[in-house]
Amino acid sequence: MTEKVLPHDHGQNEDRILRALPSQEECARTAEIFKQISDGSRLRILWFLCHCEECVSNIAAAVDMSDPAVSHHLRMLRGSGLIISRREGKEVYYKLADTQQAQLVHHVCEEMFRIACPLD
């Protein structure tokens, strides 16, 4: 890959910054994660799954949604790598993925909820 050169040098270490610039693919993967948590229903489900492992019916009851609606959101969250699932007999259980990205999203959400909390 040829090194990029910006048309104007403003003395801000542009060459070092350009070398660290995330790739299009990295940005697309990160944008997908942000898309998932930009939906209030998915964010609520994700928060719940950050704190426990549950089946679709229990998640639906906790967040006042139908099982099919929750299943749709779970597919989206699982597709982005934020949650994982495991089957036990006929039941499928979901929880937060044990990845750095999922843990970071969890901590960021917790901080955002803490900041927005009217009781603080």
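The values are calculated or read from the model by the stated rules, or taken from the named source; none is laboratory data. Computed from a predicted structure; not experimentally measured. Side chains are part of the model used for accessible areas, which takes the heavy atoms of the whole protein and leaves out ligands, DNA and RNA. Shrake-Rupley method; radii C 1.70, N 1.55, O 1.52, S 1.80 Å.
What number of residues within the stretch 59-103 are part of a helix (DSSP H, G or I), open to solvent by less than 30 Å² (accessible area, probe 1.4 Å) and within 30 Å of Glu25 (Cα to Cα)?
Adding up the residues that qualify gives 5.
So which residues in the stretch 12-52 are open to solvent by less than 50 Å² (accessible area, probe 1.4 Å), assigned to a helix (DSSP H, G or I) and among the acidic types (Asp, Glu)?
Glu14 - this is the single residue of the stretch 12-52 that is open to solvent by less than 50 Å² (accessible area, probe 1.4 Å), assigned to a helix (DSSP H, G or I) and among the acidic types (Asp, Glu).
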